[in-house]
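The values are calculated or read from the model by the stated rules, or taken from the named source; none is laboratory data. A quick note: this is a predicted structure, and the numbers were derived from the prediction, not measured. Please note: Cβ atoms are built from the backbone with ideal geometry, for glycine as well, and neighbour counts cover all protein chains shown. Only protein heavy atoms, including side chains, enter the accessible area calculation; ligands, DNA and RNA are left aside. Shrake-Rupley method; radii C 1.70, N 1.55, O 1.52, S 1.80 Å.
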Amino acid sequence: MANLVEASSQQQFEDLVARAGECLTVVHFQAAWAPQCGHMNEVMAELARQHAHSTFVKLEAEEVPEVSEKYDISSVPTFLFFKAGEKVDRLDGAHAPELTKKVQQLAVARSPGGAAEGGGADLNQRLKKLINAAPCMLFMKGAPQEPRCGFSRQIVALLKEHDIQFSSFDILSDEEVRQGLKTYSNWPTYPQLYVNGELVGGLDIVKELAESGELEKTCPKAVTLEHRLKTIINQSPVMLFMKGNKEAARCGFSRQILEILNGTGVDYDTFDILQDEEVRQGLKTYSNWPTYPQLYVKGELIGGLDIVKELKEGGELVSVLKGES
């Protein structure tokens, strides 16, 4: 298939992304030694057949390190999504349904009038869920760590300056939401800020609220990072901070510790540090433990993989997990 190709150099990668223009380009950062990448290549081939106007690129992550480092690729498979030469979304791990969903959203067919095809009632339900996904929801271009327009950058800076706790949605990653929310809210531009399901407004409104001292009263204040970390650590008697989750570990050390814990029969919960950079960096300082995974029992740090291995070999692991020693 002409739209399923391989990139073996940085120049080739950049040329493919640039040549696609406004059409979607999906780049699979893979490794020959990883069997899950082979499975995802089969999914890519099927998606390439279904989406003839999109380009699907396979790239050996370790053989083109300058590209992998630029986009912070730390595990395989990882998928990046580009439009008009810009990264618009990312997917880490071998999640075929999620990959399919993202491709369908980003390569969404357009009607002559420019509106996304699909049921209006279903879209409104989806928008309502997104708006109420957090007490304070910001619909913006890009992410708080990487805003992709000046207005989004300014509103993020204002919210952070005033210690406002908020979640966000990147409208560039979903054209249906991007167009539908304009109609739903009767607000034609982005960013848009919602509090408790109600539209507050855009950048100008937020600026006015900040200048009048009303922003803190309107939006929920952020909890401190230390308080947040303590809350997460104590949300289960046995808490594992790892790369990935129980179903899909995303590094060898996390995979090994899962196998050990699963063999104990003791219940535990996990937190994927790859999904939250603030927790990932903050917990290293909080625990004075520089690497992952990290295991906590009843709020106390036990250690990483080596410590857990030692406890297992010494026959102490189960009693430690149960808080008996």
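His51 exposes around 30 Å² of accessible area when a 1.4 Å probe is run over every protein chain in place. Listed by chain and number, the lysines whose alpha-carbon sits under 28 Å from that of Lys101, ignoring those within fewer than 8 places in the same chain, are Lys58, Lys70, Lys83, Lys87, Lys128, Lys129, Lys141, Lys182, Lys243, Lys246. Per residue, the chain reaches -12500 deg cm²/dmol at 222 nm when only DSSP H runs of four or more residues are counted, each adding -39500 (n - 2.57). For the stretch 159-310, the antiparallel share of DSSP beta bridges with both residues in that region comes to about 75%.
Averaging Cα coordinates gives a centre for the stretch 44-62 and one for the stretch 123-159; these two points are 29 Å apart.
Computed from point charges on the beta carbon alone (+1 for Lys and Arg, -1 for Asp and Glu), the dipole magnitude for the stretch 227-322 about its Cα centre is near 100 Debye. Centre-to-centre separation between the Cα atoms of the stretch 196-239 and those of the stretch 265-282: 21 Å.
Remark: relative contact order (the stretch 227-322) = 34 percent; criterion is Cα-Cα distance under 8 angstrom and separation of 6 or more residues. Dipole of the stretch 161-237 computed with +1 at Lys/Arg Cβ and -1 at Asp/Glu Cβ about the Cα centre; of Tyr184, Leu203, Leu225, farthest Cα towards the positive end is Leu225.
Put a plus charge on the Cβ of each Lys and Arg, a minus charge on the Cβ of each Asp and Glu, and nothing anywhere else: the dipole of the stretch 133-218 about its Cα centre is then about 180 debye.
Would you work out the charge dipole size for the chain about its Cα centre, treating the Cβ of every Lys and Arg as +1 and the Cβ of every Asp and Glu as -1, and quote it to the nearest 20 debye?
Its charge dipole is roughly 560 debye.
So what is the accessible area of the chain per residue, in Å², with the probe set to 1.4 Å?
51 Å²
A DSSP coil position with no more than 10 other Cβ atoms inside 10 Å describes the following GluC sites (Glu not before Pro) in the stretch 205-261: Glu247. Computed from the C-beta positions of Val5 and Glu211 and an R0 of 35 Å, the FRET efficiency is 0.10 to the nearest 0.05. Ligands, DNA and RNA aside, Phe253 has an accessible area near 120 Å² when probed at 1.4 Å.
Distance between the pseudo-spin-label points of Thr183 and Gln50 (7 Å out from Cα toward the beta carbon): 2.4 nm.
Hey, can you rank 285-291, 71-77, 274-280 by average C-beta count inside 10 Å, highest first?
Result, highest mean Cβ count within 10 Å first: 71-77, 274-280, 285-291.
For the stretch 227-322, count all C-alpha to C-alpha pairs, find those more than 22 Å apart, and express that count as a whole percent of the total. Of all Cα-Cα distances in the stretch 227-322, 19 percent exceed 22 Å.
Of all beta bridges that DSSP places with both ends in the chain, some 60 percent have antiparallel geometry. Ligands, DNA and RNA aside, Val43 has an accessible area near 20 Å² when probed at 1.4 Å. Segment Lys101..Ile260, full-extension length gain: 53.9 nm, with 0.36 nm per residue of separation and the alpha-carbon distance subtracted. Share of carbon and sulfur in the accessible area of the chain stands at 48%, probe radius 1.4 Å. Of the GluC sites (Glu not before Pro) found in the stretch 1-56, those that fall in a DSSP loop while having at most 10 other beta-carbon atoms within 10 Å are Glu22.
Give the shape of the chain as rounded, prolate or oblate, defined through the alpha-carbon gyration tensor: a ≥ b ≥ c are the square roots of its eigenvalues, a/c under 1.5 means rounded, and otherwise the shape is prolate if a/b is larger than b/c and oblate if not. Oblate.
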